[in-house]
Amino acid sequence: MSALRIEFRRSAAAGAALLAVAVGAAALYLAPGRWSEGWMSLTLTIKEYLLLLWPIALAAGAWQGRREHRAKVGELFASTPRSRARRMLPVLVAMGAALALAFLLVVGAGGVRIASTAAYFPPDVVAITLVGAFSLVAAAWLGLGIGRLLPALVTAPVLAVAGVLLVFFTAVMRPDWMGAILSPAYGSSPFYPFQTIDPRVTAVLAIFMGGLALTGVLLLVAQGPRTATAAALPVLLGFGVATALVPRDEASLVAPIDPVARELVCTDDAPKVCVTRVNANVLDALTPLARQGLSALAKMPTAPTQVHEDTRAYLSEDLPARDPAVVTITVRIDEHGGLAHPAAVVPEMVFGLGTGYGNLDCERDGAVERAAAYHLLGREPVSDVGVIPGMIEEDPQLNAEAVALWRDLQKLPAPEAIARVTAVRDAILACQNPTGLLSR
């Protein structure tokens, strides 16, 4: 224990850990909107930042590994009766423990922010986090072995650059199962809030990192060229075992879905409003807005009576069977974990006239649909810029046409105006062009 305390004070362990925590926490808080949706989003984001943390651990290990060469005490230590493996144990523990703790502190730095808003804690978060911490241990131990084998001054910076390239290119390499084995950042790019990582992918990464760590240890304690050559066996064995166990299907490798996170959580009273479990924390804020949208749609006959969050992973995903009683909306989370763009909820609901997903392949008339929607909202059409998230530019003529159609609707008796709006809704459902239905 005394030797271990000395290693923590005098080795690169504390400095490497502080650097990793600073880099990881800074990267997180420069873009909090990327991980504010919940625990899995945070975990995936930190896993992606292993692109920075893993090379830091690798370079820190290499810098520490050349210590005996730098101090010119190798021959002196070799003359003592204590084995090299026993002498290297404190530095291995110090470097590994410091960097593993650094990774957990980065997770904690993000967790403090979302603890009060994240409604769902996926069990996979624990395994992904622990394997992420272990990957930094493996990087540090591999760096120690390489630093001892190649004790040049440039070894550490070269390994840092090589580590960035290795993590990045293995994460995007093909086939995907190869990247799942080799890259600690594989599968971390977030696409939707109910994304996860298959437990088998986490397991094979742990196996490969274990082989990499053992290779680093053997390089560090090797007494001759034969032992140094044999150090390649653990990483090769780990790769072989991981290759035999890694899943090969795309559904398990490319942004798999957590079915529990995608389950709908609904209000107890009617009209029913439902969001995915991962976004359950915004249900209270969303409910009055969604019901306001339903009230506007209720002016048409056979209008929807429920609001559900869109549970598709991609817009290109096969559409589920449409329920005429349900209008589907997109729920967005802001960087504080609350409901983003609340002012857009009602307009987005009504713009589709309650048709839910709609059909992107059908011919549409934006001016007609906008005029019909704003008639239900009871106000004159305005530009979508500043109303709909992501809308930064639009054709001004489109809104001018919508305003003209809306004013014509206002001159009609209320039943006739609603009948024409309903005709537009029915045309959208039937995949027909609604042009002319408001001005017939």
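The values are calculated or read from the model by the stated rules, or taken from the named source; none is laboratory data. This is a predicted model, so every value here is computed, not measured. In this analysis, Cβ positions are derived from the backbone assuming ideal geometry, glycine residues included, and neighbour counts consider all displayed protein chains. To get the accessible areas, we keep the full protein, side chains included, count just its heavy atoms, and leave off ligands, DNA and RNA. Shrake-Rupley method; radii C 1.70, N 1.55, O 1.52, S 1.80 Å.
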(request) Taking 7 Å along the Cα-to-C-beta vector as the label spot, tell me the ARG226-LEU101 distance in nanometres, rounded to one decimal. (result) 4.0
(message) How much length would be gained if the chain were fully extended between ALA14 and PHE191, taking 0.36 nm per residue of separation minus their Cα-Cα distance, in nm to one decimal?
(response) 60.2 nm
(request) For every other residue with a beta carbon closer than 15 angstrom to the beta carbon of LEU159, add +1 if it is Lys or Arg and -1 if Asp or Glu, then tell me the sum. (result) +2
(message) Cα atoms only: what Rg and Dmax, in Å, come out for the chain?
(response) 29.0, 103
(message) Please report the carbon-and-sulfur percent of the accessible area for the chain; probe 1.4 Å, protein heavy atoms only, DNA, RNA and ligands left out.
(response) 64
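So if each residue of separation counts as 0.36 nm, and I subtract the Cα-Cα distance between VAL93 and SER116, what length gain in nm does that give?
Fully extending the segment from VAL93 to SER116 adds 4.8 nm.
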(request) Taking only protein heavy atoms into account and a 1.4 Å probe, give the accessible area per residue of the chain in Å². (result) 46
(request) First measure r as the distance between the Cβ atoms of LEU149 and ALA127, then evaluate 1/(1 + (r/R0)^6) with R0 = 25 Å and state the FRET efficiency to the nearest 0.05. (result) 0.20
(request) Can you figure out the FRET efficiency of VAL382 with CYS266, using R₀ = 35 Å and their beta-carbon distance, to the nearest 0.05? (result) 0.65
